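Taking it in order: structure first as C-alpha coordinates, then the write-up.
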Amino acid sequence: MTRSFLILCLILLFQTQFLTAEEDPKLEPITITVQKGENLSLISKKYLEDSNRWSELLKYNKIPNPNLIKPGMNLVIPVFLRKPVMGVASFVIGKVEWNGAGGTGPWTPMKLGQELHAKDQIKTSEKGKVDIQIREVGLIRVFHDSLFEVKGKETPNSAVSVALLKGSLDAKVNKSAQKQGDYKLTIVNPSATAGVRGTEFRVELDSKLNSTTSCFEGVVDVNAQGKTVTVTEGMATFVEKGKAPVEPYLIPEAPKLKAE
(Lines give C-alpha, C1' and ligand atoms only; values in the text may rest on other atoms or scores of the structure.)
Protein backbone atom coordinates (compact mmCIF):
# COMPACT_ATOMS: atom_id res chain seq x y z
CA MET A 1 0.00 0.00 0.00
CA THR A 2 1.60 3.29 -1.11
CA ARG A 3 2.04 6.35 1.08
CA SER A 4 -0.11 8.48 -1.26
CA PHE A 5 -2.95 5.94 -1.05
CA LEU A 6 -2.81 6.02 2.78
CA ILE A 7 -2.96 9.82 2.76
CA LEU A 8 -5.98 9.72 0.43
CA CYS A 9 -7.76 7.27 2.75
CA LEU A 10 -7.11 9.51 5.75
CA ILE A 11 -8.47 12.55 3.89
CA LEU A 12 -11.63 10.67 2.87
CA LEU A 13 -12.10 9.41 6.43
CA PHE A 14 -11.75 12.94 7.82
CA GLN A 15 -14.26 14.31 5.29
CA THR A 16 -16.75 11.56 6.10
CA GLN A 17 -16.50 12.25 9.83
CA PHE A 18 -16.90 16.00 9.21
CA LEU A 19 -20.01 15.51 7.04
CA THR A 20 -21.53 13.16 9.58
CA ALA A 21 -21.04 15.69 12.34
CA GLU A 22 -22.64 18.41 10.21
CA GLU A 23 -25.65 16.23 9.40
CA ASP A 24 -26.09 15.06 13.01
CA PRO A 25 -25.18 18.00 15.28
CA LYS A 26 -24.62 17.22 18.93
CA LEU A 27 -27.04 18.44 21.57
CA GLU A 28 -25.97 21.26 23.84
CA PRO A 29 -27.28 22.27 27.27
CA ILE A 30 -30.17 24.74 27.13
CA THR A 31 -31.40 27.26 29.67
CA ILE A 32 -35.16 27.63 30.10
CA THR A 33 -37.23 30.11 32.08
CA VAL A 34 -40.04 28.63 34.18
CA GLN A 35 -43.39 29.91 32.89
CA LYS A 36 -46.53 30.70 34.86
CA GLY A 37 -48.50 27.48 35.44
CA GLU A 38 -45.45 25.23 35.07
CA ASN A 39 -44.20 22.88 37.76
CA LEU A 40 -41.45 20.26 37.91
CA SER A 41 -43.72 17.59 36.41
CA LEU A 42 -44.60 19.67 33.34
CA ILE A 43 -41.02 20.83 32.85
CA SER A 44 -39.84 17.21 32.95
CA LYS A 45 -42.45 16.22 30.33
CA LYS A 46 -41.39 19.10 28.10
CA TYR A 47 -37.64 18.78 28.16
CA LEU A 48 -36.48 15.44 29.58
CA GLU A 49 -36.19 12.28 27.51
CA ASP A 50 -37.32 10.37 30.61
CA SER A 51 -39.61 12.53 32.77
CA ASN A 52 -38.97 10.20 35.74
CA ARG A 53 -35.40 11.59 35.97
CA TRP A 54 -36.66 14.88 37.45
CA SER A 55 -34.55 14.37 40.58
CA GLU A 56 -31.39 14.49 38.44
CA LEU A 57 -32.55 17.81 36.99
CA LEU A 58 -32.94 19.21 40.50
CA LYS A 59 -29.51 17.93 41.52
CA TYR A 60 -27.84 19.37 38.41
CA ASN A 61 -29.34 22.81 39.16
CA LYS A 62 -28.53 22.51 42.89
CA ILE A 63 -32.17 22.86 43.91
CA PRO A 64 -32.86 20.94 47.14
CA ASN A 65 -36.67 21.11 46.99
CA PRO A 66 -39.04 20.95 43.96
CA ASN A 67 -41.29 23.48 45.70
CA LEU A 68 -38.56 26.09 45.13
CA ILE A 69 -39.25 26.09 41.37
CA LYS A 70 -41.12 29.32 40.63
CA PRO A 71 -42.11 31.30 37.47
CA GLY A 72 -39.21 33.41 36.24
CA MET A 73 -36.54 31.01 37.52
CA ASN A 74 -33.90 29.83 35.04
CA LEU A 75 -33.10 26.11 34.80
CA VAL A 76 -30.31 24.46 32.83
CA ILE A 77 -31.31 21.25 31.01
CA PRO A 78 -28.10 19.20 30.61
CA VAL A 79 -27.38 17.17 27.49
CA PHE A 80 -27.61 13.80 29.25
CA LEU A 81 -31.25 14.51 30.23
CA ARG A 82 -32.50 16.23 27.08
CA LYS A 83 -35.01 14.85 24.57
CA PRO A 84 -33.66 14.12 21.07
CA VAL A 85 -34.34 17.00 18.67
CA MET A 86 -36.75 15.99 15.88
CA GLY A 87 -36.91 19.33 14.07
CA VAL A 88 -36.53 23.10 14.17
CA ALA A 89 -38.89 25.99 13.39
CA SER A 90 -37.31 27.70 10.36
CA PHE A 91 -40.07 30.27 9.69
CA VAL A 92 -42.79 31.69 11.95
CA ILE A 93 -45.39 34.32 11.08
CA GLY A 94 -48.51 35.44 12.93
CA LYS A 95 -49.64 33.83 16.15
CA VAL A 96 -48.11 30.37 16.52
CA GLU A 97 -48.01 28.59 19.89
CA TRP A 98 -46.05 25.60 21.17
CA ASN A 99 -46.80 23.05 23.87
CA GLY A 100 -43.97 20.73 24.84
CA ALA A 101 -46.05 18.65 27.23
CA GLY A 102 -48.30 16.98 24.67
CA GLY A 103 -51.03 19.59 25.11
CA THR A 104 -51.22 19.26 28.90
CA GLY A 105 -49.13 22.30 29.78
CA PRO A 106 -49.46 26.03 29.08
CA TRP A 107 -49.17 27.20 25.47
CA THR A 108 -46.27 29.58 24.80
CA PRO A 109 -45.35 31.67 21.72
CA MET A 110 -43.23 29.74 19.24
CA LYS A 111 -39.89 31.28 18.32
CA LEU A 112 -37.78 31.10 15.18
CA GLY A 113 -35.16 28.38 15.64
CA GLN A 114 -37.10 26.64 18.39
CA GLU A 115 -36.34 22.95 18.74
CA LEU A 116 -39.09 20.36 18.49
CA HIS A 117 -39.21 17.00 20.22
CA ALA A 118 -41.48 13.96 20.24
CA LYS A 119 -44.99 14.77 21.57
CA ASP A 120 -44.56 18.52 21.05
CA GLN A 121 -47.68 20.24 19.72
CA ILE A 122 -48.12 23.39 17.63
CA LYS A 123 -51.26 25.41 16.98
CA THR A 124 -51.64 28.31 14.57
CA SER A 125 -54.12 31.20 14.60
CA GLU A 126 -56.18 32.37 11.63
CA LYS A 127 -53.11 34.31 10.39
CA GLY A 128 -50.40 32.04 11.75
CA LYS A 129 -48.05 29.82 9.76
CA VAL A 130 -44.87 27.90 10.61
CA ASP A 131 -42.25 25.98 8.64
CA ILE A 132 -40.66 23.01 10.39
CA GLN A 133 -37.44 21.43 9.19
CA ILE A 134 -37.66 17.78 10.24
CA ARG A 135 -34.19 16.28 10.58
CA GLU A 136 -33.25 13.84 7.79
CA VAL A 137 -36.77 14.17 6.33
CA GLY A 138 -37.57 17.60 4.86
CA LEU A 139 -39.87 20.57 5.26
CA ILE A 140 -43.39 20.69 6.71
CA ARG A 141 -45.44 23.89 6.47
CA VAL A 142 -48.36 24.10 8.92
CA PHE A 143 -51.00 26.56 7.74
CA HIS A 144 -53.44 28.78 9.66
CA ASP A 145 -56.05 27.41 12.08
CA SER A 146 -54.20 24.12 12.47
CA LEU A 147 -53.19 21.78 15.28
CA PHE A 148 -50.07 19.67 14.68
CA GLU A 149 -48.04 17.19 16.72
CA VAL A 150 -44.57 15.73 16.30
CA LYS A 151 -45.07 12.12 17.32
CA GLY A 152 -41.45 11.01 16.82
CA LYS A 153 -39.99 7.59 15.97
CA GLU A 154 -40.97 4.16 17.29
CA THR A 155 -37.40 2.91 16.72
CA PRO A 156 -34.20 4.66 15.57
CA ASN A 157 -34.65 3.21 12.05
CA SER A 158 -38.38 3.77 11.65
CA ALA A 159 -40.09 6.65 9.85
CA VAL A 160 -40.65 9.97 11.57
CA SER A 161 -44.33 10.22 12.49
CA VAL A 162 -46.34 13.44 12.81
CA ALA A 163 -50.04 14.12 13.29
CA LEU A 164 -52.36 16.71 11.77
CA LEU A 165 -55.26 17.03 14.21
CA LYS A 166 -56.90 20.08 12.61
CA GLY A 167 -56.34 22.31 9.57
CA SER A 168 -53.87 21.72 6.75
CA LEU A 169 -50.20 21.32 5.88
CA ASP A 170 -47.84 21.01 2.95
CA ALA A 171 -44.77 18.78 3.03
CA LYS A 172 -41.67 18.37 0.91
CA VAL A 173 -39.92 15.13 1.81
CA ASN A 174 -36.37 14.58 0.61
CA LYS A 175 -36.09 11.85 -2.00
CA SER A 176 -34.39 8.62 -1.04
CA ALA A 177 -33.56 5.21 -2.44
CA GLN A 178 -35.72 3.42 0.11
CA LYS A 179 -37.80 0.59 -1.23
CA GLN A 180 -41.58 0.67 -1.32
CA GLY A 181 -43.07 0.36 2.15
CA ASP A 182 -40.03 1.90 3.86
CA TYR A 183 -41.33 5.39 4.53
CA LYS A 184 -39.35 8.44 5.64
CA LEU A 185 -42.44 10.17 7.03
CA THR A 186 -45.94 9.16 8.10
CA ILE A 187 -48.66 11.74 8.67
CA VAL A 188 -51.54 10.59 10.84
CA ASN A 189 -54.87 12.42 10.87
CA PRO A 190 -58.29 11.53 12.34
CA SER A 191 -59.44 9.80 9.14
CA ALA A 192 -56.31 8.37 7.44
CA THR A 193 -52.53 7.84 7.45
CA ALA A 194 -50.20 8.97 4.66
CA GLY A 195 -46.88 7.19 4.11
CA VAL A 196 -44.17 9.00 2.16
CA ARG A 197 -40.72 8.16 0.80
CA GLY A 198 -39.89 11.37 -1.09
CA THR A 199 -42.45 13.75 -2.52
CA GLU A 200 -44.37 17.03 -2.26
CA PHE A 201 -47.94 16.81 -1.06
CA ARG A 202 -50.74 18.45 0.93
CA VAL A 203 -53.08 17.15 3.64
CA GLU A 204 -56.28 19.09 4.43
CA LEU A 205 -58.95 18.40 7.05
CA ASP A 206 -62.48 19.75 6.84
CA SER A 207 -64.74 20.63 9.78
CA LYS A 208 -65.84 16.98 10.07
CA LEU A 209 -62.19 15.79 10.08
CA ASN A 210 -62.49 14.18 6.66
CA SER A 211 -59.17 14.40 4.83
CA THR A 212 -57.97 15.23 1.33
CA THR A 213 -54.42 14.22 0.39
CA SER A 214 -53.05 15.81 -2.81
CA CYS A 215 -49.76 14.76 -4.43
CA PHE A 216 -47.79 17.44 -6.31
CA GLU A 217 -44.70 15.34 -7.02
CA GLY A 218 -43.71 11.72 -6.38
CA VAL A 219 -45.99 9.21 -4.62
CA VAL A 220 -48.05 9.10 -1.41
CA ASP A 221 -49.68 5.96 0.02
CA VAL A 222 -52.91 6.77 1.89
CA ASN A 223 -54.41 4.16 4.22
CA ALA A 224 -57.74 4.03 6.05
CA GLN A 225 -59.97 1.20 7.23
CA GLY A 226 -57.56 -1.44 5.93
CA LYS A 227 -57.41 -0.07 2.37
CA THR A 228 -54.38 1.65 0.82
CA VAL A 229 -54.47 3.75 -2.35
CA THR A 230 -51.37 5.07 -4.10
CA VAL A 231 -51.65 8.74 -5.02
CA THR A 232 -49.29 9.83 -7.80
CA GLU A 233 -48.28 13.25 -9.10
CA GLY A 234 -51.26 15.43 -10.04
CA MET A 235 -53.74 13.22 -8.19
CA ALA A 236 -55.59 13.29 -4.85
CA THR A 237 -57.76 11.09 -2.67
CA PHE A 238 -60.56 11.89 -0.24
CA VAL A 239 -61.22 9.97 2.99
CA GLU A 240 -64.44 10.36 4.89
CA LYS A 241 -63.82 9.65 8.57
CA GLY A 242 -64.61 6.00 9.27
CA LYS A 243 -64.46 5.00 5.60
CA ALA A 244 -61.84 3.82 3.10
CA PRO A 245 -60.06 6.21 0.69
CA VAL A 246 -61.75 6.90 -2.65
CA GLU A 247 -59.89 6.09 -5.86
CA PRO A 248 -57.40 8.86 -6.77
CA TYR A 249 -58.66 11.68 -9.02
CA LEU A 250 -57.04 14.51 -11.00
CA ILE A 251 -56.29 17.87 -9.34
CA PRO A 252 -55.23 21.26 -10.77
CA GLU A 253 -51.50 21.94 -10.97
CA ALA A 254 -50.13 23.26 -7.66
CA PRO A 255 -47.15 25.53 -6.94
CA LYS A 256 -43.90 24.02 -5.64
CA LEU A 257 -43.23 24.30 -1.93
CA LYS A 258 -40.26 26.58 -1.17
CA ALA A 259 -38.75 27.51 2.15
CA GLU A 260 -39.70 31.03 3.32
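The values are calculated or read from the model by the stated rules, or taken from the named source; none is laboratory data. Source: prediction; values computed, not measured. When we count neighbours, we look across all protein chains shown, and the Cβ atoms used for this are built from the backbone with ideal geometry, even at glycine. Please note that ligands, DNA and RNA were not included when accessible areas were found on the heavy atoms of the full protein model with its side chains. Shrake-Rupley method; radii C 1.70, N 1.55, O 1.52, S 1.80 Å.
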> Can you tell me which residues in the stretch 239-260 are modelled with pLDDT of 95 or more, open to solvent by 70 Å² or more (accessible area, probe 1.4 Å) and outside any strand (DSSP E or B)?
Replying inline: E240, K241, K243, E247
> Which of the residues belonging to the stretch 61-86 are open to solvent by 60 Å² or more (accessible area, probe 1.4 Å) and part of a helix (DSSP H, G or I)?
Replying inline: N67, L68, V79, F80
>> It is to be established whether one or more residues within the stretch 119-128 are in contact with a Lys or Arg (Cβ under 6 Å, 6 or more places away or on another chain) and closer than 22 Å to L209 by Cβ.
In response: yes
>> Looking for something over 15 Å from the mean Cα position of the chain (by Cα) and over 26 Å from S44 (Cα atoms) - is there at least one such residue anywhere in the stretch 109-122?
In response: no
> Mind checking which residues of the stretch 148-159 are surrounded by 17 or more Cβ atoms within 10 Å (Cβ to Cβ) and over 15 Å from K83 (Cα atoms)?
Replying inline: F148, E149, A159
> Got a number for residues in the stretch 91-123 being open to solvent by less than 20 Å² (accessible area, probe 1.4 Å) and in contact with a Ser or Thr (Cβ under 7 Å, 6 or more places away or on another chain)?
Replying inline: 2
>> Among the residues of the stretch 131-149, what is the count of those that are part of a loop (DSSP other than H, G, I, E, B) and basic (K, R)?
In response: 1
>> Out of the strands (runs of 3 or more DSSP E) lying entirely within the stretch 165-238, which hold 3 or more residues that are open to solvent by 30 Å² or more (accessible area, probe 1.4 Å) and free of Cβ contacts under 8 Å to residues at least 40 places away in the same chain?
In response: 227-232
